[in-house]
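One structure is given below, encoded as structure tokens.
The values are calculated or read from the model by the stated rules, or taken from the named source; none is laboratory data. Note that the coordinates shown come from a computational prediction; the quantities given were computed from them, not determined experimentally. Cβ sites come from the backbone with ideal geometry, for glycine too, and all protein chains shown count toward neighbours. The accessibility values were calculated without ligands, DNA or RNA, using every heavy atom of the protein model including side chains. Shrake-Rupley method; radii C 1.70, N 1.55, O 1.52, S 1.80 Å.
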Amino acid sequence: MKYDIIVLGSGPGGYVTAIRASQLGFKVAVIEKENLGGVCLNWGCIPTKALLKSAQVFDYLKHASDYGLSIAAFDKDFNAVISRSRSVADGMSKGVQFLMKKNKIDVIDGFGKLKPGKKIDVKKADGTVTEFNADHIIIATGARSRELPNLPQDGVKVIGYRQAMTLPTQPKSMIVVGSGAIGLEFAHFYNAMGTDVTIVEFLPNIVPLEDEDISKQMERSMKKAGVKIMTSSSVEKIDTSGSGVKAFVKTAKGEEILEADIVLSAVGIKTNIENIGLEEVGIATDRDKILVNDFYQTNIPGYYAIGDVVPGSALAHVASAEGITCVEK
């Protein structure tokens, strides 16, 4: 089938781009291998904020007397908190489905692989492959949790952000490796819920990409809340042979062994550019990013890229703005 524009990926970059393209009169399709809304709506921005809201309300209950209120008893239901977060994410994803129908955008389920000649093969779950072509193809495949060689994720004792949002039981203790946005959000949530949390950060300051004053204030706030923080430290290896996890941490003073129920690896993200046909088409990349010009055109005419897969900030609103700029051009 032929389209004016095919968008590969339906995150905040992909679905916003598709809507704007449809508004401009293009015949548009979106290819998505999992859930509409991408990581942001399903496994990132939205469900984590739902968790943080539950943490905030629970914290208010702990300090009700500060507000002139008296509460005889209260408790938390960890599974209900997780369930609410998933429900919020599911509702947002269904909202994107509605927007696709409203804007007459075709949604193609499956894994898309680029081909020369402005074509894409889409492989469905049953293994069948269908070819689609378009005048313009926009790559918006996003990113995933980065794995370090010395910190392989097994999804049980060493987890990424997805598992952190759907744990069946609340861990008594957790080691969070990395103190960027993802690491700090989960450290705050689990600490507020009552988990004993330790953050291990390789660089001298937490939230290392932010201003140093912000970092220092954040560290004070986290420590006041009960989170243990180790900066200028790195997890060299882990041992998952026991009931929990042992993390061997290299510090300025030597090696320290930390023990916890679970380790959350939050050491950044990795772009989803493997096995999508970039090499076959000849699209240029550099250091895990697709190279584009000011209007998000790649080096191959008819192929474009936006969002986490291109150089710049890996943020939802940035991806949306890039997609709008791309289709309006």
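Which pairs do you get when a residue that is under 23 Å from residue 195 (Cβ atoms), found in segment 207-226, comes within reach of a residue that is in a helix (DSSP H, G or I), reach meaning Cβ atoms under 6 angstrom, with the pair 6+ apart or on two chains?
So the pair list comes out as 207/215; 207/218; 225/191; 226/191.
Across segment 48-72, what is the total count of residues that are in a helix (DSSP H, G or I) and β-branched (Val, Ile, Thr)? It would help to see each step written out before you state the result.
From segment 48-72, those in a helix (DSSP H, G or I) are 48-62, 64-67; that's our starting set.
Those still in the list that are β-branched (Val, Ile, Thr) too: 48, 57.
Residues that pass the stated criteria total 2.
Of everything in segment 292-313, what is charged (D, E, K, R) and touching a residue at least 40 places away in the same chain (Cβ under 8 Å)? Give them in sequence order.
Of segment 292-313, the ones charged (D, E, K, R) are 294, 308.
The answer is 308, and nothing else.
I need the full set of residues from segment 271-291 which are on the phi > 0 side of the Ramachandran plot and touching a residue at least 12 places away in the same chain (Cβ under 8 Å), in order please. Break it down into steps so the answer makes sense when it comes.
Let us first name the residues in segment 271-291 that are on the phi > 0 side of the Ramachandran plot, namely 275, 277, 282, 287-288.
If the condition is that a residue be on the phi > 0 side of the Ramachandran plot and touching a residue at least 12 places away in the same chain (Cβ under 8 Å), then 275, 277, 282, 288 are the ones that fit.
Identify, from the list 256, 210, 280, the residue that is assigned to a strand (DSSP E or B) and either open to solvent by 70 Å² or more (accessible area, probe 1.4 Å) or at pLDDT below 95 (or both). Talk me through it step by step, then tell me what you get.
Working: 210 fails: assigned to a strand (DSSP E or B); 280 fails: assigned to a strand (DSSP E or B).
The match here is 256.
Among what's in segment 31-47 and is part of a loop (DSSP other than H, G, I, E, B) and without any contact (Cβ under 8 Å) to a residue 60 or more places away in the chain, pick the residue that is surrounded by the fewest Cβ atoms within 10 Å (Cβ to Cβ). Give the derivation first.
Residues of segment 31-47 that are part of a loop (DSSP other than H, G, I, E, B), as a first pass: 33-37, 44.
Those left that are additionally without any contact (Cβ under 8 Å) to a residue 60 or more places away in the chain: 34-35, 37.
Numbers: 34: 14, 35: 19, 37: 27.
Step by step, filter segment 31-47, then rank; the result is 34.
Under the condition of being surrounded by fewer than 21 Cβ atoms within 10 Å (Cβ to Cβ) and touching a residue at least 40 places away in the same chain (Cβ under 8 Å), which residue from segment 172-187 is nearest to residue 314 (Cα to Cα)?
Step by step, filter segment 172-187, then rank; the result is 180.
Which of the residues that make up segment 280-305 are among the aliphatic types (A, V, I, L, M) and under 25 Å from the mean Cα position of the chain (by Cα)? Before you say what the answer is, go through the steps one by one.
Kept after step one, since they are among the aliphatic types (A, V, I, L, M), are these residues of segment 280-305: 281, 283-284, 290-292, 300, 305.
Listed by number, the residues that qualify are 283, 284, 290, 291, 292, 305.
In the set 249, 327, which member is outside any loop (DSSP other than H, G, I, E, B) and more than 23 Å from residue 147 (Cβ to Cβ)?
Values: 249 fails: more than 23 Å from residue 147 (Cβ to Cβ).
Answer to the check: 327.
Conditions: (1) at pLDDT 95 or above; (2) aliphatic (A, V, I, L, M); (3) open to solvent by 30 Å² or more (accessible area, probe 1.4 Å); (4) farther than 20 Å from residue 278 by Cα. Residue 129 meets all but one. Number of the miss?
(4)
For segment 239-248, how many residues are touching a residue at least 12 places away in the same chain (Cβ under 8 Å), of a type outside the set (Ser, Thr, Tyr) and either surrounded by fewer than 21 Cβ atoms within 10 Å (Cβ to Cβ) or in contact with a His (Cβ under 7 Å, 6 or more places away or on another chain) (or both)?
Qualifying residue count, segment 239-248: 3.
Looking at 85, 70 in this structure, which one is among the hydroxyl-bearing types (Ser, Thr, Tyr) and under 25 Å from the mean Cα position of the chain (by Cα)? Talk me through it step by step, then tell me what you get.
Values: 70 fails: under 25 Å from the mean Cα position of the chain (by Cα).
So the residue among 85, 70 that is among the hydroxyl-bearing types (Ser, Thr, Tyr) and under 25 Å from the mean Cα position of the chain (by Cα) is 85.
Looking for something of a type in the set (Ser, Thr, Tyr), more than 28 Å from residue 188 (Cβ to Cβ) and modelled with pLDDT of 95 or more - is there at least one such residue anywhere in segment 227-243? Step through it out loud before you land on a result.
If we filter segment 227-243 for residues that are of a type in the set (Ser, Thr, Tyr), which is where we start, we get 231-234, 240-241, 243.
Among the residues that remain, those that are also more than 28 Å from residue 188 (Cβ to Cβ) are: 241.
Checking the rest, the ones that are also modelled with pLDDT of 95 or more come to none.
No - not one qualifying residue is present in segment 227-243.
Can you confirm whether residue 107 is of a type in the set (A, V, I, L, M) and over 19 Å from the mean Cα position of the chain (by Cα)? Can you show your working first?
Working: of a type in the set (A, V, I, L, M): yes; over 19 Å from the mean Cα position of the chain (by Cα): yes.
It is true that residue 107 is of a type in the set (A, V, I, L, M) and over 19 Å from the mean Cα position of the chain (by Cα).
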